[in-house]
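Colleague: The structure under discussion is supplied below as structure tokens; questions concerning it will follow.
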Amino acid sequence: MTGHDDGLPNDPEGIRLMIHALVDGELDAAAALAVERRIAADPALAAAWRASNSRRPPSRRSRSGVRRRRYQD
């Protein structure tokens, strides 16, 4: 994942951690938006987001609109 100028990590492990932070509600609004944009642009990240989110209890998934958003492949 190169060529992104959004302040997020470009290495796979770094972006994986950011996805988990998004699912857990640990990101500020700007970081959450940057991760959401990266997920929307990359089908592999969208799949990783769905997999991560599906392992969360429903009560944790539904606390914010971010957790309910569906990303298309």
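Colleague: Scan the stretch 14-31 and report the pairs whose first residue is in contact (Cβ under 8 Å) with a residue 24 or more places away in the chain and aliphatic (A, V, I, L, M) and whose second residue is buried (at least 18 other Cβ atoms within 10 Å of the Cβ) and outside any loop (DSSP other than H, G, I, E, B), with Cβ atoms within less than 6 Å and a gap of 6+ or a chain change.
Modeller: From residues that are in contact (Cβ under 8 Å) with a residue 24 or more places away in the chain and aliphatic (A, V, I, L, M), the pairs are ILE19/ALA48; ILE19/TRP49; LEU22/VAL35; VAL23/ASN53.
Colleague: Only one of (1) modelled with pLDDT under 90; (2) in contact with a Leu (Cβ under 6 Å, 6 or more places away or on another chain) is not met by ALA21, so which one is it?
Modeller: Only one criterion is unmet by ALA21, namely (1).
Colleague: Sticking with this structure for a sec: Return yes or no: is ALA46 modelled with pLDDT of 90 or more, among the aliphatic types (A, V, I, L, M) and surrounded by 15 or more Cβ atoms within 10 Å (Cβ to Cβ)?
Modeller: Yes; evaluated as a whole, the condition is true for this residue.
The values are calculated or read from the model by the stated rules, or taken from the named source; none is laboratory data. Nothing here was measured: the structure is a model prediction, and the numbers come from that model. Cβ: placed from backbone, ideal geometry, glycine included. Neighbour counts: every protein chain shown.
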